[in-house]
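Worksheet for the structure shown next.
The values are calculated or read from the model by the stated rules, or taken from the named source; none is laboratory data. On a predicted model such as this, the values are computed, not experimentally measured, just so you know. Every residue, glycine among them, receives a Cβ derived from its backbone with ideal geometry; neighbour counts consider all protein chains shown.
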Amino acid sequence: MQKAGSVWDSVGNTPLIRIHSLSEKTGCEIYGKAEFLNPGGSIKDRAAKGIIARAEAEGKLKPGGIIVEGTAGNTGIGIATLACERGYKVIISMPNNQAAEKYQMLEALGAEVRAVPPCPFANQDHFYHRARRIAEETPGAVWADQFENTANAQFHYDTTGPEIWEQLDGKVDMLTLAAGTGGTIGGTSAFLKERNKNLHVVAADPSGSGIHDYVKQGTWTGDGGSITEGIGIKRLTANFDRAVIDDAMRVTDPEMMDMLFHVARADGLFQGTSSALNLAAAYKLGMQYKNSGKHIVTFLCDHGSRYASKVMNRAWMEEKGFNPQPIP
Ligand code: PMP
């Protein structure tokens, strides 16, 4: 067990939970890395810690400094969580269509949130470009830039990968997960592939994201959209570029939503939409390798309570056309 420490010290070293129902259904061993147990409640606490630590080491972030970030929410929450103890101010640029709980949490943590309407990445009003401009215009500010700042994937290489390797005594056959910045898949796959060159890495991808087509055919294409939050990209980021990937799989929103309610009720794991998509990918992979006993690892990125205003809201579910069904 870890010694008593700060909020900063509490990032990482998360449990690896065997997903009982999915392991039984597939005859594989399916595990979820419980990143929702980080102090800020998501996988992005790791990126936040890696980015802040590097900025401090490079002398860019000084006591009383300001951190600016463009985020779908969780990286902002991770940064705001870690910034309190260290005395930094946080300014967040964020699309205005994310779950209400994320804005509330940022406000509770004392971050300044500047919400903007969602728009294509090429538009200079995209939350990412806005964050860069806010940092440029604010004296003493550092732009975290989770997409291109490789401290993100490096932190996963240094911590997430080794933790999984140790937790399974090196018995990892497959890794599947979706990417937002690519930090998690970048660092984790790079580390685990070095340890086991036969590891099979499958990028899971929601509708409308370009990762599936990029892995399969080298083009950043993909139609439609998804209600999942924090995942899906349509360009090559420096963090994603580090990933070592063998294959890709699409997961539809209805498949994701079926899984969200399945693991809540069968396993006691009420998870957010990206976790549900990851678990649906792990389940599909497990079905392809049925009864092989393979060890399949995925990520439980954040808790379902962060999306309760959507997924537990009957009117919202009906409006989006969701009618969750049991998993076969
Ligand atoms: N799940 C959630 C809920 C997220 O917020 C994010 C990051 N935006 C991810 C998954 C993807 O993680 P990464 O940025 O490391 O690819």
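All of Glu85, Glu24, Glu69, Glu56 fail the test of being assigned by TED's automatic domain parsing to the domain that holds Glu137, among the acidic types (Asp, Glu) and free of Cβ contacts under 8 Å to residues at least 60 places away in the same chain, apart from Glu56. The set of residues from the range 15-29 being surrounded by fewer than 24 Cβ atoms within 10 Å (Cβ to Cβ) and within 22 Å of Ala264 (Cβ to Cβ) comprises Pro15, Leu16, Ile17, Arg18, His20, Ser21, Ser23, Glu24, Lys25, Glu29. Listed by first and then second residue, the pairs with beta-carbon distance under 9 Å, at least 6 apart or on different chains, first residue in the range 244-255 and in the same structural domain as Thr273 (by TED's automatic domain parsing), second basic (Lys, Arg) and at pLDDT 95 or above, are Val244/Lys193; Asp247/Lys216; Ala248/Lys216; Met249/Lys284; Val251/Lys284; Asp253/Lys320; Glu255/Lys284.
Each row is one residue, and each column tells you yes or no for (1) within 16 Å of the ligand (Cβ to nearest atom); (2) of a type outside the set (Val, Ile, Thr); (3) surrounded by fewer than 16 Cβ atoms within 10 Å (Cβ to Cβ); (4) under 17 Å from the mean Cα position of the chain (by Cα).
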site: Tyr31; (1), (2), (3), (4): no, yes, no, yes
site: Asn38; (1), (2), (3), (4): yes, yes, no, yes
site: Gly59; (1), (2), (3), (4): no, yes, yes, no
site: Val68; (1), (2), (3), (4): no, no, no, no
site: Thr71; (1), (2), (3), (4): yes, no, no, yes
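Counting only helices (runs of 4 or more DSSP H) that sit wholly inside the range 273-328, those with at least 3 residues that are more than 14 Å from the ligand (Cβ to nearest atom) and modelled with pLDDT of 95 or more are 273-288, 314-319.
Note on the range 94-187: enclosed strands (runs of 3 or more DSSP E) holding 2 or more residues that are touching a residue at least 24 places away in the same chain (Cβ under 8 Å) and closer than 23 Å to Asn13 by Cβ are 174-177. Taken together, the criteria place Gly210 among residues that are within 14 Å of the ligand (Cβ to nearest atom) and surrounded by fewer than 20 Cβ atoms within 10 Å (Cβ to Cβ).
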